[in-house]
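**Q** Quick one: this structure, given as structure tokens, is what I'll be asking you about.
Any read-out appearing in this document is the output of simple, stated calculations on the displayed coordinates, not a laboratory observation. Every value quoted in this text rests on a predicted model; they were computed, and no experiment measured them. Backbone-built Cβ (ideal geometry, glycine too); neighbour counts: all protein chains shown.
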Amino acid sequence: VVTTVDEHRIPLGLTVNSFASVSIDPLLVLWSIDKRVSSYKSFIKTEKFAVHVLSGDQSEICNLFASKGTDRFENCEWNLSEYNLPIISGA
């Protein structure tokens, strides 16, 4: 799951189906997003995001952030990091 906030500081997140480490120095990661996703423009504009690696018992979080028509952050435990990014508890 990748999360960020939009220009109004509203948390956004989605389950991504590809994630890769590109480089350790400098730290670079690669993940993909479908241009048709409603949060696409916000993710393109953001300068920072959080990547969550979920445990095996967090499949409900994976499904939640992959679903449409639900308030994802209302339905999971999370808080804001020191960088004002939404961080999912237990990830």
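**Q** Check whether at least one residue in the stretch 2-22 is without any contact (Cβ under 8 Å) to a residue 24 or more places away in the chain, within 12 Å of the chain's Cα centre (by Cα) and buried (at least 16 other Cβ atoms within 10 Å of the Cβ), and report yes or no.
**A** yes
**Q** Output the strands (runs of 3 or more DSSP E) that fall wholly within the stretch 23-91 and possess 2 or more residues being over 13 Å from LEU12 (Cβ atoms), free of Cβ contacts under 8 Å to residues at least 60 places away in the same chain and in contact with a Leu (Cβ under 8 Å, 6 or more places away or on another chain), or say none.
**A** Answer list for the stretch 23-91: none.
**Q** Next question, about the same structure. Of all residues in the stretch 47-91, how many are surrounded by fewer than 16 Cβ atoms within 10 Å (Cβ to Cβ) and over 11 Å from the mean Cα position of the chain (by Cα)?
**A** 23
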